[in-house]
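A.B. asks: Here it is: the structure, laid out below.
The values are calculated or read from the model by the stated rules, or taken from the named source; none is laboratory data. Remember, predicted model here, so these are calculated numbers, not experimental data. Cβ placement follows ideal geometry from the backbone for every residue including glycine, while neighbour counts extend to all protein chains displayed. Heavy atoms of the whole protein, side chains included, go into the accessibility calculation; ligands, DNA and RNA do not. Shrake-Rupley method; radii C 1.70, N 1.55, O 1.52, S 1.80 Å.
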Number of protein chains: 4
Amino acid sequence: MIKVGIVGGTGFTGVELLRILANHPQVRVEVITSRSEEGIRVADMFPNLRGHYDLAFTVPDVERLAQCDVVFFATPHGVAMSMAPELVARGVRLIDLGADFRIKDVPLWEKWYKLEHTCPDLVEKAVYGLPEVNREAIAGAQLVACAGCYPTAAQLGFLPLLEKGLVDHRRLIADCKSGVSGAGRGASVGSLLCEASESMKAYGVPGHRHLPEIRQGLTLAAGRQVGLTFVPHLTPMIRGIHATLYSVLKDPVDPGLQQLFEERFANEPFVDVMPAGSHPETRSVKGSNVCRISVHRPQQDDTVVVLSVIDNLVKGASGQAVQVMNIMFGLAEDEGLKIVGLMP
Amino acid sequence: MIKVGIVGGTGFTGVELLRILANHPQVRVEVITSRSEEGIRVADMFPNLRGHYDLAFTVPDVERLAQCDVVFFATPHGVAMSMAPELVARGVRLIDLGADFRIKDVPLWEKWYKLEHTCPDLVEKAVYGLPEVNREAIAGAQLVACAGCYPTAAQLGFLPLLEKGLVDHRRLIADCKSGVSGAGRGASVGSLLCEASESMKAYGVPGHRHLPEIRQGLTLAAGRQVGLTFVPHLTPMIRGIHATLYSVLKDPVDPGLQQLFEERFANEPFVDVMPAGSHPETRSVKGSNVCRISVHRPQQDDTVVVLSVIDNLVKGASGQAVQVMNIMFGLAEDEGLKIVGLMP
Amino acid sequence: MIKVGIVGGTGFTGVELLRILANHPQVRVEVITSRSEEGIRVADMFPNLRGHYDLAFTVPDVERLAQCDVVFFATPHGVAMSMAPELVARGVRLIDLGADFRIKDVPLWEKWYKLEHTCPDLVEKAVYGLPEVNREAIAGAQLVACAGCYPTAAQLGFLPLLEKGLVDHRRLIADCKSGVSGAGRGASVGSLLCEASESMKAYGVPGHRHLPEIRQGLTLAAGRQVGLTFVPHLTPMIRGIHATLYSVLKDPVDPGLQQLFEERFANEPFVDVMPAGSHPETRSVKGSNVCRISVHRPQQDDTVVVLSVIDNLVKGASGQAVQVMNIMFGLAEDEGLKIVGLMP
Amino acid sequence: MIKVGIVGGTGFTGVELLRILANHPQVRVEVITSRSEEGIRVADMFPNLRGHYDLAFTVPDVERLAQCDVVFFATPHGVAMSMAPELVARGVRLIDLGADFRIKDVPLWEKWYKLEHTCPDLVEKAVYGLPEVNREAIAGAQLVACAGCYPTAAQLGFLPLLEKGLVDHRRLIADCKSGVSGAGRGASVGSLLCEASESMKAYGVPGHRHLPEIRQGLTLAAGRQVGLTFVPHLTPMIRGIHATLYSVLKDPVDPGLQQLFEERFANEPFVDVMPAGSHPETRSVKGSNVCRISVHRPQQDDTVVVLSVIDNLVKGASGQAVQVMNIMFGLAEDEGLKIVGLMP
């Protein structure tokens, strides 16, 4: 049994980790931390877990966490980097669902996150946790920085085009729509049902923290600096990201887009390329770790439209983290992740 | 491997059966029928099932169904009774998620369902599929009529009180709220998002088909004819039933309600009595087979208020059917049903 | 032009007052207060008001408010009573949308609201603002305590039965369902879209502050102390209250319930008794000041079921307050309130 | 009083016309037609209209309609063109909310709508009903083809840029999100609450009927054939369109985008340019006739992002139709349209 610790168990990604791990046959959650809820049983706070966990929240304690085989950080940025150095030194494997180790360019990270990075050396050492790109490196990593939610949906959709150099890398547009759970479980007026339901809006158009992360990933895929416009939207639903991705073909001759996508992801257990002409729905992946993609070339014009959907809390966060753990520990990659989307 | 057939695979309870059975280690779905979708792959119709099933819909055919070990009917009333006699004669075990065999009083059934019953003898033979009441009979049954959605939530909440004779059996009130999936997947104006969201309404107040079913179950529990007012409401959500149950204590001395409920369901794998003072939320059972209950006595008055929540498509339909199947085939009762509710 | 002041303009009832008054031909909003948003234009905070108001929030100031003809308190309990005495002394007319002056029994109020009342004499002077009961008193009042949201829906539905003494006054049940806006605009985890949508739950079953208010109103109507069980539920929608009201006929002979209700409300501009057999939907009153009611006697049993729907922010709060103002100032009672419900 | 007829009164745009006209002081609805609901009172079908209309649906009859001053067609395409010639000949003014007269290129219309056009001469005569472009022509028109919902949101957002020739007209992208009411009130599985809520999807990516309409309008504005990619999305809400519009500046020097937009719409009663940096929400225009716009240039790159929101049933349909009627009859343009958005 792999001994698991979770730092930050009261947010949506924390409780989602618990949901997934409850049916994972090879792990046991030993520690789950929360400063504010110390002593409360997780099942008292999240009644969907009643009957699945007896565990109570404890104050974060490096000593206890160091006895785990792997520690997940389901925390806001800044937390993981404060505890990572000591845990790494003790040989624990770390999986950060937050943003502390995603951006390799530390000054760029500091600019976007408005915080000084306290362990830049670990940033270098960290592996970016997008298995479809980095599987081998993840297998040997001690510290993995899981890809963010928008970045996962956007990168998986753009990768086949950029890796083959088929589209103009200077003019990429990612119009992304996210459910409200992406905003976290903190009490904020903007996430109230009365403010966020029955409405649609863009936000962060001048700049959003996932922009540099997506740009970094796409630049690696393209082999050159990409130009990207990223517009996130708040959508009146709990879960799901729908990325609508626009790029322009360099050559008007059809490069066989459908086949390209199917081949690129043929061996990926969690990327499902739909038949030509399809429109994936976010609900088809609700609760599941799948990224479902379709590719279009409307009106046979030179603009390619890729549609890419994930559950932001699963493939965009906790499911991806478990997939990463499976890879790190040599388990079947889909262990604990054979969850079927909840539809309707 | 238990060979499973499903009649009526295009409704919500059909696709929900497929979702649950996809991760059931001891069954294989061999046949799934639909007249209208013959030849269509189930995963093309319900993309959440992509990667889990290769099966395509076929026209209902008794010959093929007879080769299954068990056949589920996920059909409107009237269908199961048309095929049951032959399948029963062939030794197949049947689990009806519909209403054909629930009401023992056949003329009463015919009055409420406005249809002549074509096999009243099978009604007599059928076992009512509420495991918390009928576990032993289910184990030996060939034909089980699964309890309806409202009837499951209402009966589980009233049972402890009626079995002990603690409340006035003549004045029971079940004020029930259901998500829209209870109305099925048929195209109807009343179930459109634009008609049913952002609104609440009662329906069927003069009379609803679940009234005689609930009354039958409560009458058996009380050992005498009960009086029941049942008011269902359409609630703007996909899944979930919240039953708010009112009854009046015969004796003002506190009978130890909390303990009574805890003891009644102590050995039930799918009934969770919450701590005193709790208010169960339907979302805590979203996608799971659990019925979560709490019991209150507001203002120490003589009215008892029981709150009982289920997912209408799981414990109220397809999950209960799988639980019944597990019992019929001597499997662990929770096999394939260890699903954690999806929260948020 | 009637000069209007509004204390507490940043909550849902405040912005709703502004929405309604924007098209009221005989008033002008002169002052709107908020401690936290001083200097912010209301239209910057609530963009639906852009083009309708130039007004900015100011810190509450008795001097400025005293120059208004009428001041609305759209505030949590405790605020109105702190400012009312001075404003009353200055001759301003006050309409409190909050709870400070609703309960005539001051110790009872203090018990439920856990606060010492600072002006019990004004409680005595205050008129309870439910026009269907108190129209004449409202016309002559200086201080009106508007009826709460649940109390409005519940009282209007029970009144005809209790005034005529037709039902057992000791066993009244009000099973009420409210949209989330009833919880206010404060940032709280429980009101997040991710916590409150796609779910249904009861709350406050042991005791809710509207219980004594409803009981007081029904007791007045019945002419004797009533017994009431009140269970509120949080419903996944923004606006709307659906009250499902249960009572028991004293005499099994049909008293002509439909006619009774139609006659009781024949001259009421904002109570709409629907045809026999109807099921009112909350969406039919979304944004409008109407209370829509139907009355049932299911299965010809002796239980009467009344269905009563309102928009909690309009007839349950700001619309009722404007109706009260119209009465107080001798205007047409529906001035500014001819709003048609937004459907769909 | 202007005598109004409405053909097709049972869809969402029909009932929305009734809602708006109920408070329009200078019109009276004389006729409302529906083949399927003949004899039913509109207020029985749409209870929000109870107390506002006594009118009942009648079978469409040219003779009766010809006695109206103006007839609105709130019908699917194909209906208006079948009745228009005779009504035009009789001197009635016509406002078509459908698509029959929007596209000037009749063969193009026939290709997209898969129908032979039966009165191409009236297409030529018809004025395109987007007041912000065509106000004068509308004033003198007998037949107006109201702009569609997506086309209104997209055109208003792109117009200032194209009229001034500031952006590359060959690479326009309109990523549009619509509430489900855009799909109409017909019973279809895809519009069920259980299918459309809690999910996001694109649709019609290969080609949508609003593409040629938007392209026609933008081409007129640009003075040359534009290239446009249009991707509509189904969003889990009732009302609202959010258009996110992408184009590329020809010249990297800032052209003063904010000022450009403010000046373009300075005299428009129903276009609200928000302050720089704003993100309009669809809920801010819920039930109102306003189009709210903001313009961004993210990261000072050369891509311009315009955000444009409307209520698809108001400014995208029935409100615009009333605005058009006001212009045609020389009334104040905002008569009956001073409705404040319903928020929350």
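A.B. asks: Scan segment C:123-140 for residues that are open to solvent by less than 10 Å² (accessible area, probe 1.4 Å) and either among the aliphatic types (A, V, I, L, M) or over 22 Å from C:L218 (Cα atoms) (or both) and jot them down.
C.D. replies: Across segment C:123-140, the qualifying residues are C:V123, C:A126, C:L130, C:I138.
A.B. asks: Checking D:R224 against (1) in a loop (DSSP other than H, G, I, E, B); (2) open to solvent by less than 20 Å² (accessible area, probe 1.4 Å): exactly one of these is not met. Which one?
C.D. replies: Among (1) in a loop (DSSP other than H, G, I, E, B); (2) open to solvent by less than 20 Å² (accessible area, probe 1.4 Å), D:R224 violates only (2).
A.B. asks: State whether one or more residues within segment D:157-179 are under 21 Å from B:G184 (Cβ atoms), at the interface with another protein chain (Cβ under 7 Å from one of its Cβ atoms) and either surrounded by fewer than 24 Cβ atoms within 10 Å (Cβ to Cβ) or at pLDDT 95 or above (or both).
C.D. replies: No; the residues of segment D:157-179 include none that is under 21 Å from B:G184 (Cβ atoms), at the interface with another protein chain (Cβ under 7 Å from one of its Cβ atoms) and either surrounded by fewer than 24 Cβ atoms within 10 Å (Cβ to Cβ) or at pLDDT 95 or above (or both).
A.B. asks: What number of residues within segment B:180-189 satisfy the criterion of being free of Cβ contacts under 8 Å to residues at least 12 places away in the same chain and either within 11 Å of chain C (Cβ to nearest Cβ) or open to solvent by less than 40 Å² (accessible area, probe 1.4 Å) (or both)?
C.D. replies: Total satisfying the criteria: 1.
A.B. asks: Which condition does C:I241 not pass, out of (1) touching a residue at least 24 places away in the same chain (Cβ under 8 Å); (2) more than 17 Å from the chain's Cα centre (by Cα), if it passes all the others?
C.D. replies: (2)
A.B. asks: Next question. Restricting to segment D:55-101, give me the number of residues that are open to solvent by 20 Å² or more (accessible area, probe 1.4 Å), among the small types (G, A, S) and not in a loop (DSSP other than H, G, I, E, B).
C.D. replies: Looking only at that region, the number is 3.
A.B. asks: Name the pairs: first residue in segment C:268-295 and under 20 Å from C:L162 (Cα atoms) and at the interface with another protein chain (Cβ under 7 Å from one of its Cβ atoms), second residue of a type in the set (K, R) and in a loop (DSSP other than H, G, I, E, B), Cβ to Cβ under 7 Å, at least 6 apart or on different chains?
C.D. replies: So the pair list comes out as C:D272/D:R50.
A.B. asks: Evaluate the following for D:R283: is it in contact with a helix residue (DSSP H, G or I) (Cβ under 8 Å, 6 or more places away or on another chain) and either of a type in the set (K, R) or buried (at least 23 other Cβ atoms within 10 Å of the Cβ) (or both)?
C.D. replies: The answer is yes for D:R283.
A.B. asks: Sort out which residues of segment B:202-227 are in contact with an Asp or Glu (Cβ under 9 Å, 6 or more places away or on another chain), within 13 Å of chain C (Cβ to nearest Cβ) and not small (G, A, S), and write them in order of number.
C.D. replies: B:P212
A.B. asks: Please verify whether B:L307 is surrounded by fewer than 24 Cβ atoms within 10 Å (Cβ to Cβ), in contact with a helix residue (DSSP H, G or I) (Cβ under 9 Å, 6 or more places away or on another chain), over 26 Å from A:H24 (Cα atoms) and modelled with pLDDT of 95 or more, treating the condition exactly as stated.
C.D. replies: No.
A.B. asks: If you don't mind, another one. For B:G204, only one of the following conditions fails: (1) at positive phi; (2) open to solvent by less than 10 Å² (accessible area, probe 1.4 Å). What is its number?
C.D. replies: All conditions are met except number (2).
A.B. asks: State all residues of segment D:310-344 that are out of contact with any helix residue (DSSP H, G or I) (no Cβ under 8 Å at 6 or more places or on another chain) and either closer than 30 Å to C:S181 by Cβ or at pLDDT below 95 (or both); if no residue qualifies, say none.
C.D. replies: D:K338 - this is the single residue of segment D:310-344 that is out of contact with any helix residue (DSSP H, G or I) (no Cβ under 8 Å at 6 or more places or on another chain) and either closer than 30 Å to C:S181 by Cβ or at pLDDT below 95 (or both).
A.B. asks: Let me ask something else. Give me a count of the residues in segment D:311-344 that are away from chain C (no Cβ under 13 Å) and in contact (Cβ under 8 Å) with a residue 12 or more places away in the chain.
C.D. replies: Of the residues in that region, 14 qualify.
A.B. asks: Could you pull out the residue among C:R19, C:R28 that is outside any loop (DSSP other than H, G, I, E, B), within 11 Å of another protein chain (Cβ to nearest Cβ) and either polar (S, T, N, Q) or open to solvent by 10 Å² or more (accessible area, probe 1.4 Å) (or both)?
C.D. replies: Going through C:R19, C:R28 in turn, the sole match is C:R19.
A.B. asks: If you don't mind, another one. What is the residue count in segment C:38-52 for residues that are under 18 Å from D:E281 (Cβ atoms) and either open to solvent by 30 Å² or more (accessible area, probe 1.4 Å) or in a loop (DSSP other than H, G, I, E, B) (or both)?
C.D. replies: 8
A.B. asks: While we're on this one: Checking C:E262 against (1) among the charged types (D, E, K, R); (2) more than 8 Å from chain B (Cβ to nearest Cβ); (3) under 28 Å from B:L245 (Cβ atoms), which single condition isn't satisfied?
C.D. replies: All conditions are met except number (3).
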